[in-house]
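Participant: Next up is a structure, given as structure tokens.
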Amino acid sequence: MEDREKPSRGVIIFGPVLFITGSLAALSWFFYRLFDVFFGELSELKVFDKGSFYMLGVGVGMLALAIGTVQEYWFGKPLSNKQAAYFTKMALMSLVLIFTVPHLIHYCADNYLLKRGYSVCEEASRQLRLVRDIAYIQPSIECSADLENK
């Protein structure tokens, strides 16, 4: 691959920075929402944002790209065949995580919240294409579409 065109200085500098920042942001958001659902304050209304849990796969994928680009662009060392195979496996694992983790966490969160007396409020829940926000409420409040704004 030595005959390929060398990337511009901007790509060399900002490409890895973009992947590192994106990875840290995605993983931080995933763990923040995970903590909020399972260990956060048990209020009268809990909203399970299923879209946030796609961020684990996104973060792992961007982390693989960040490590690879840092090694190639910043350290000037091409990836070995073994490293390329490892990063390929990491990228495939990130795709598996994107499609499985949100559903697994939804299943666990549903069981967890229902055991703590919450019930699903369909009027305040909403569904977009791949993302679903599910409102869980305590029996002490009434289910209505107005809860969506809280």
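Participant: Could you look through the range 80-108, keep only residues that are within 19 Å of the chain's Cα centre (by Cα) and of a type in the set (Gly, Ala, Ser), and pick out the one that is nearest to residue 67 (Cα to Cα)?
Facilitator: Taking the candidates together, the pick is 91.
Participant: Tell me whether the range 21-40 contains one or more residues that are modelled with pLDDT under 95, surrounded by fewer than 21 Cβ atoms within 10 Å (Cβ to Cβ) and not in a helix (DSSP H, G or I).
Facilitator: yes
Participant: Considering only the range 88-120, state which residues are free of Cβ contacts under 8 Å to residues at least 40 places away in the same chain and not in a helix (DSSP H, G or I).
Facilitator: Residues satisfying the conditions are 117, 119, 120.
Participant: Do you know which residues across the range 59-115 are among the basic types (Lys, Arg) and within 28 Å of residue 32 (Cα to Cα)?
Facilitator: In the first step, residues of the range 59-115 are kept if they are among the basic types (Lys, Arg); the result is 77, 82, 89, 115.
Hits for the range 59-115 are 89, 115.
Participant: Let me ask something additional. When only residues in the range 102-120 that are crowded, with 18+ Cβ neighbours inside 10 Å and touching a helix residue (DSSP H, G or I) at 6+ places or on another chain (Cβ under 6 Å) count, which is nearest to residue 41 (Cα to Cα)? Write out each step before concluding.
Facilitator: Kept after step one, since they are crowded, with 18+ Cβ neighbours inside 10 Å, are these residues of the range 102-120: 102, 105, 109, 113, 118.
When the remaining residues are screened for being touching a helix residue (DSSP H, G or I) at 6+ places or on another chain (Cβ under 6 Å), the result is 102, 105, 109.
Numbers: 102: 21, 105: 18, 109: 14 Å.
Ranking the qualifying residues of the range 102-120, first place goes to 109.
Participant: For the condition surrounded by 15 or more Cβ atoms within 10 Å (Cβ to Cβ) and in contact with a Phe, Trp or Tyr (Cβ under 9 Å, 6 or more places away or on another chain), what is the one hit in 54, 86? Working first, answer last.
Facilitator: Working: 86 fails: in contact with a Phe, Trp or Tyr (Cβ under 9 Å, 6 or more places away or on another chain).
Selected residue: 54, the only one of 54, 86 that is surrounded by 15 or more Cβ atoms within 10 Å (Cβ to Cβ) and in contact with a Phe, Trp or Tyr (Cβ under 9 Å, 6 or more places away or on another chain).
Participant: Collect the residues in the range 42-58 that are among the aromatic types (Phe, Trp, Tyr) and either assigned to a helix (DSSP H, G or I) or free of Cβ contacts under 8 Å to residues at least 12 places away in the same chain (or both), keeping them in residue-number order. I'd like the intermediate steps shown before the answer.
Facilitator: Restricting attention to the range 42-58, the residues satisfying the condition of being among the aromatic types (Phe, Trp, Tyr) are 48, 53-54.
Hits for the range 42-58 are 53, 54.
Participant: For the range 67-75, state whether one or more residues are without any contact (Cβ under 8 Å) to a residue 12 or more places away in the chain, assigned to a loop (DSSP other than H, G, I, E, B) and either within 18 Å of residue 102 (Cα to Cα) or out of contact with any Phe, Trp or Tyr (no Cβ under 7 Å at 6 or more places or on another chain) (or both). Full working, then the answer.
Facilitator: Our first condition is that a residue be without any contact (Cβ under 8 Å) to a residue 12 or more places away in the chain; within the range 67-75, this holds for 72, 75.
Within this subset, residues satisfying the condition of being assigned to a loop (DSSP other than H, G, I, E, B) are 75.
Subset that is either within 18 Å of residue 102 (Cα to Cα) or out of contact with any Phe, Trp or Tyr (no Cβ under 7 Å at 6 or more places or on another chain) (or both): 75.
Looking through the range 67-75, at least one residue is without any contact (Cβ under 8 Å) to a residue 12 or more places away in the chain, assigned to a loop (DSSP other than H, G, I, E, B) and either within 18 Å of residue 102 (Cα to Cα) or out of contact with any Phe, Trp or Tyr (no Cβ under 7 Å at 6 or more places or on another chain) (or both).
Participant: Now for a different question. Return yes or no: is residue 85 touching a Gly at 6+ places or on another chain (Cβ under 9 Å) and part of a helix (DSSP H, G or I)?
Facilitator: Values: touching a Gly at 6+ places or on another chain (Cβ under 9 Å): no; part of a helix (DSSP H, G or I): yes.
So residue 85 fails the test.
The values are calculated or read from the model by the stated rules, or taken from the named source; none is laboratory data. These figures come from a predicted structure and were not determined experimentally. No Cβ is skipped: glycine too gets one built from the backbone with ideal geometry, and neighbour counts run over all protein chains shown.
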